[in-house]
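Undergrad: My structure is below; once you've seen it, I'll send some questions.
The values are calculated or read from the model by the stated rules, or taken from the named source; none is laboratory data. What you are looking at is a predicted structure, and each value in this text was computed from that prediction instead of being measured. Quick reminder, even Gly has a Cβ in these numbers, built from the backbone with ideal geometry, and neighbours come from all protein chains shown.
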Amino acid sequence: MHPLNDIFVQSAAIFLELATSEFMRYILAAAGLHLLLSTLLKPLVRRRKIRPAWPPKGQVRREILASIRSVLVFSMLSLGAVWAVKAGWTQVYREADAHGWFYFGISVLVLIVGHDTWFYWVHRLLHDKRLYQGWHHLHHRSFNPTPFTAFAFNTGEAFLHGLFTPLLILVLPVSYLALFVFSVHMIVRNTVGHCGVELFPATRGGRPLLGWLTTVTHHDLHHASPGWNYGLYFTFWDRLMKTEHPDYLKHFSAAVRAEPMKRAKPVALSIAIAASVFCAAVLSGSGRAEATETAALETISGRWVTEGYGAVVRLQPCDKAPMELCGRLDWIWDPASGSYLGMEMLSGFRLQGAEWRDGEITIPGKNQVFRSTIKVLDHNTLKVRGCALVVCRKQTWRRLESLPHIGLR
């Protein structure tokens with residue numbers, strides 16, 4: 001296959017994986033929260049629903065369709081970020097504790113606070129009368145928002161919101177785990193902020209217990225009065241720039257009904273249980289993906305004979321990245337190349353769909369590195385394809401145990 005065609009095929013596969021993952025995260029969060037509010041949290045909904053009216057018929061359908069388009073925009077930007085990582089232009093690293101767990105926590109905090117800052121100023125820009133109608137009006141068609149409103153953006157708005165992470169990883173050293181934690185926090189806070197039910201705890205006097213966080217009422221007021229409350233996670237930018245709704249605390253107090261302390265503990269317990277179930281649902285998609293990768297690694301691990309019986313390669317999880325596939329040279333037919341035994345011949349393969357992609361194969365004794373793809377045809381057969389510049393090769397590798405006649409053990 002020509003290298004350009006190979007890049008196109010890889011890009012299409014990566015894009016499909018990114019879009020599927022992003023959409024599943026959105027649906028799990030939005031639908032999961034909607035289900036919680038109609039079951040486990042139903043008694044709380046009656047007391048804490050911010051508006052008495054329900055959203056109009058057809059709103060959720062419109063929000064989901066708009067969100068699908070937003071997911072495609074986010075995924076295209078993420079695809080660019082993936083290729084930037086491959087080119088070595090970013091500061092992303094795989095081992096979460098490579099810079100210590102303290103730095104890991106700081107990096108997550110920088111991602112969250114930085115995103116809140118980015119969101120606040122982009123949000124204010126979108127409310128400029130020259131941009132509002134074409135870039136932001138669709139989101140405000142959801143006057144009475146639902147959890148599904150979270151990604152209901154115009155194309156331009158989705159692009160601006162999606163730019164934050166690709167730009168930040170160019171300058172901030174950050175691990176894949178930190179990016180995952182940030183993305184889960186983002187979708188959970190976003191869907192909760194649009195759910196229409198005040199889930200945040202209150203003091204005895206009916207004020208927010210965590211005043212530095214934006215509550216559901218805080219963002220709901222923005223949909224009711226678009227000139228106020230632009231923040232996403234925190235209230236400090238609205239307070240600093242004097243854009244917080246002057247009656248915010250009064251609306252919050254009305255939403256929580258100034259519940260007496262004797263009822264606060266059951267409410268807090270319900271919220272804690274719901275939050276645990278909600279986050280577990282969002283995280284489950286990633287857990288299933290990791291289980292799939294683990295099973296695929298177990299299937300492909302072992303000793304494989306290259307085409308022409310030229311070498312034996314031991315495939316196994318990478319030492320520094322256990323969810324990736326690597327391979328070491330176990331045996332080679334040419335005695336002159338014996339010094340290369342034990343070298344890491346394959347590195348960096350990641351499971352994408354039914355294939356291991358984006359890895360490299362180094363030819364022992366030669367200055368050749370092939371960008372490669374491995375496909376499992378059956379338990380004893382692999383199809384290996386690699387390209388170096390304009391030179392591409394294909395080989396069939398067989399499991400050593402399936403070839404007793406060659407006398408290698």
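Undergrad: If you take the residues in region 6-36 that are over 13 Å from PHE74 (Cα atoms) and of a type in the set (Gly, Ala, Ser), which one is nearest to the chain's Cα centre (by Cα)?
TA: ALA29
Undergrad: Between a residue in region 144-161 that is free of Cβ contacts under 8 Å to residues at least 24 places away in the same chain and any residue that is of a type in the set (S, T, N, Q) and crowded, with 24+ Cβ neighbours inside 10 Å, which pairs come within a Cβ distance under 8 Å, given they are 6 or more apart or on different chains?
TA: If the second residue must be of a type in the set (S, T, N, Q) and crowded, with 24+ Cβ neighbours inside 10 Å, no pairs are left.
Undergrad: Check THR214, THR203, THR235 and return the single one that is free of Cβ contacts under 8 Å to residues at least 60 places away in the same chain and farther than 22 Å from VAL113 by Cβ.
TA: Going through THR214, THR203, THR235 in turn, just one is free of Cβ contacts under 8 Å to residues at least 60 places away in the same chain and farther than 22 Å from VAL113 by Cβ: THR203.
Undergrad: Further question: What is the residue count in region 123-145 for residues that are surrounded by 18 or more Cβ atoms within 10 Å (Cβ to Cβ) and under 30 Å from PRO173 (Cβ atoms)?
TA: Of the residues in that region, 1 qualify.
Undergrad: Restricted to region 38-67, and to residues that are β-branched (Val, Ile, Thr) and closer than 18 Å to PRO145 by Cβ, which residue is nearest to the chain's Cα centre (by Cα)?
TA: ILE64
Undergrad: Among the numbered criteria (1) among the aliphatic types (A, V, I, L, M); (2) in contact (Cβ under 8 Å) with a residue 40 or more places away in the chain; (3) assigned to a loop (DSSP other than H, G, I, E, B), which single criterion is violated by MET323?
TA: Result: MET323 fails condition (2) only.
Undergrad: Next question, about the same structure. Somewhere in region 32-48, is a residue under 25 Å from HIS136 (Cβ atoms) and β-branched (Val, Ile, Thr)?
TA: no
Undergrad: Right, something else. Here's a check for you: in region 75-90, which residue that is under 9 Å from PHE15 (Cβ atoms) and of a type in the set (S, T, N, Q) is surrounded by the fewest Cβ atoms within 10 Å (Cβ to Cβ)?
TA: Here the answer is SER78.
Undergrad: Now, a different point. Quick check: is even one residue across region 310-323 loosely packed, with under 13 Cβ neighbours inside 10 Å, among the acidic types (Asp, Glu) and either under 27 Å from the mean Cα position of the chain (by Cα) or over 25 Å from GLY88 (Cα atoms) (or both)?
TA: Looking through region 310-323, at least one residue is loosely packed, with under 13 Cβ neighbours inside 10 Å, among the acidic types (Asp, Glu) and either under 27 Å from the mean Cα position of the chain (by Cα) or over 25 Å from GLY88 (Cα atoms) (or both).
Undergrad: Another question, then. Which of the residues belonging to region 206-244 are under 19 Å from CYS195 (Cα atoms), aromatic (Phe, Trp, Tyr) and outside any loop (DSSP other than H, G, I, E, B)?
TA: Residue satisfying the conditions is PHE234 alone.
Matching residues to (1) crowded, with 18+ Cβ neighbours inside 10 Å; (2) more than 23 Å from LYS383 (Cα to Cα); (3) modelled with pLDDT of 90 or more; (4) among the aliphatic types (A, V, I, L, M):
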{"site": "VAL277", "(1), (2), (3), (4)": "no, yes, no, yes"}
{"site": "ALA281", "(1), (2), (3), (4)": "no, yes, no, yes"}
{"site": "SER284", "(1), (2), (3), (4)": "no, yes, no, no"}
{"site": "THR299", "(1), (2), (3), (4)": "no, no, no, no"}
{"site": "LEU329", "(1), (2), (3), (4)": "yes, no, yes, yes"}
{"site": "GLY348", "(1), (2), (3), (4)": "yes, no, no, no"}
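Undergrad: Moving on to the next point. Here are some residues: PHE153, PHE148. Which one is of a type outside the set (Lys, Arg), surrounded by 22 or more Cβ atoms within 10 Å (Cβ to Cβ) and not in a helix (DSSP H, G or I)?
TA: PHE153
Undergrad: Would you be able to tell me the number of residues in region 364-379 that are under 21 Å from ARG398 (Cα atoms), touching a strand residue (DSSP E or B) at 6+ places or on another chain (Cβ under 8 Å) and of a type outside the set (Phe, Trp, Tyr)?
TA: Here the count works out to 9.
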